[in-house]
Amino acid sequence: MHKWRLNVICLPAFFLLLSCSASSKQEDIYQQTVATIGNSGSTTGPHGVASMWLQDTRGSASDFGYGAIHGYPSKSSGINIGVPKHVEGYWIKFDDNDENIVEYYRISAPIDYQLAAKKIDTLNHYYQNFERQDGTMQVIVDGPRVRVFFTKKCFRSRADCTPNNNADPQGYIERSPTNSTDVVKLFDGMGEASNIPFPNSPFDQRQISQKFQLGRSADRLIIKDTAGNIETYGSGITSPTQITAFWRTLGQDTSGNFTGKNKYFRLIASIDGEQSEKAIQTLRNYYKHFFGKVGSIYVFANNGQLSVIYSNFCFEGVKDCRPKQGADPNHLIKYSDVLGTNYVTLYQGKAESSNTPFPDGPDYNGDPRYWNMPEHDSVKH
């Protein structure tokens with residue numbers, strides 16, 4: 001009687017221990033390094049991967065942006081990554097001659113990390129006699145398609161790849177694209193495609209710059225862009241849709257001494273983001289042989305006049321800046337003596353002016369960031 005009772009009591013405890021053991025095992029893999037080698041490749045011709053970040057369950061990330069790739073598995077690099085949970089990147093596809101860009105792509109998508117962990121664990125315990133500690137993570141791009149594979153790279157021509165009995169009951173394991181080894185597919189999704197670079201991507205980097213009076217910066221400069229981001233100078237940006245700027249001209253006497261009688265300016269205005277992007281793309285597609293990946297959204301102020309322009313810096317004598325025929329039908333492109341290159345205007349406007357600071361502007365006397373200016377009594381000029 002007592003023995004029967006003991007069995008009844010112990011059976012639930014036994015299954016609880018098994019459950020705890022399985023749960024602990026699953027939690028452990030989320031904190032482990034699962035791959036120390038990364039591959040970036042393609043099965044459909046030449047591509048270029050500028051950035052392709054895999055974030056793992058530990059909060060770490062590895063970049064598979066290995067540049068120009070052709071074939072599978074193509075390029076390799078040392079990494080340290082756990083179970084992936086998110087993929088984000090930018091890449092391009094070239095024509096068959098590996099010369100011209102066919103399309104631009106980007107992706108930002110979650111990965112089912114719980115399923116990925118099960119697949120990785122299955123392959124880690126798949127082979128009878130093949131013992132390799134860490135695996136290889138592979139990111140494969142084919143046009144807009146992105147796949148993420150995990151493999152132990154057991155090649156039958158060089159190793160014993162015999163599987164354990166009933167080692168893959170869920171059918172997770174498949175052959176690699178070249179049928180050379182076993183892999184598990186952790187992600188298979190489609191990115192967004194475009195025939196022009198995505199703004200503020202590695203193929204079209206834009207940064208806010210500024211030039212105000214006397215080489216000084218604006219006292220406050222805030223720009224909102226088409227992506228909804230709110231940025232200031234030095235930040236990346238897409239196309240501007242709104243600008244807020246406060247600045248001053250410093251009062252000086254005839255000898256050049258600061259008088260403290262400054263003039264203050266305020267400008268808050270909307271910008272047509274769609275028209276701005278069209279102007280930017282006109283300049284980006286203007287040149288025959290120059291494709292500037294890096295450009296600037298410049299904010300210029302001259303007294304009460306403010307301009308927002310874009311340039312991607314094609315300098316004559318340094319680059320081939322010859323234009324394509326008919327590339328600027330609306331005559332948007334101008335030349336700047338200050339920049340020494342071409343630009344397009346995104347906005348022009350006149351600011352409000354005042355002899356005293358604006359109440360919604362910077363606190364010139366109360367904020368230490370502005371204490372090096374003439375109106376503060378503690379500074380002598």
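At a glance:
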item: Qualifying residue in segment 90-113 (condition: in a helix (DSSP H, G or I), buried (at least 18 other Cβ atoms within 10 Å of the Cβ), touching a residue at least 60 places away in the same chain (Cβ under 8 Å) and in contact with a strand residue (DSSP E or B) (Cβ under 8 Å, 6 or more places away or on another chain)); result: yes
item: Residue count for segment 132-166, restricted to those that are touching a Ser or Thr at 6+ places or on another chain (Cβ under 7 Å), open to solvent by less than 20 Å² (accessible area, probe 1.4 Å) and part of a loop (DSSP other than H, G, I, E, B); result: 2
item: First in segment 326-345 and within 15 Å of G295 (Cα to Cα) and among the hydroxyl-bearing types (S, T, Y), second anywhere and outside any strand (DSSP E or B) and open to solvent by less than 30 Å² (accessible area, probe 1.4 Å), Cβ under 7 Å, 6 or more apart; result: T341/C314
item: Filter pass, S76 being outside any loop (DSSP other than H, G, I, E, B) and under 22 Å from R175 (Cα atoms); result: yes
item: Those residues of segment 167-197 which are without any contact (Cβ under 8 Å) to a residue 12 or more places away in the chain and assigned to a loop (DSSP other than H, G, I, E, B), in sequence order; result: P169, G171, N179
item: Answer residue from segment 175-196, given it is of a type in the set (S, T, N, Q) and over 30 Å from A279 (Cβ atoms) and is most open to solvent (accessible area, probe 1.4 Å) among those; result: N179
item: Lone qualifier among C154, C161 - being within 24 Å of D56 (Cβ to Cβ) and without any contact (Cβ under 8 Å) to a residue 40 or more places away in the chain; result: C154
item: Test result for N97, under 30 Å from N179 (Cα atoms) and at pLDDT 95 or above; result: no
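The values are calculated or read from the model by the stated rules, or taken from the named source; none is laboratory data. Owing to the predicted nature of the structure, the values given are computational and were not obtained by experimental measurement. Glycine gets a Cβ as well: all are built from the backbone with ideal geometry, and neighbour counts include every protein chain shown. The accessibility values were calculated without ligands, DNA or RNA, using every heavy atom of the protein model including side chains. Shrake-Rupley method; radii C 1.70, N 1.55, O 1.52, S 1.80 Å.
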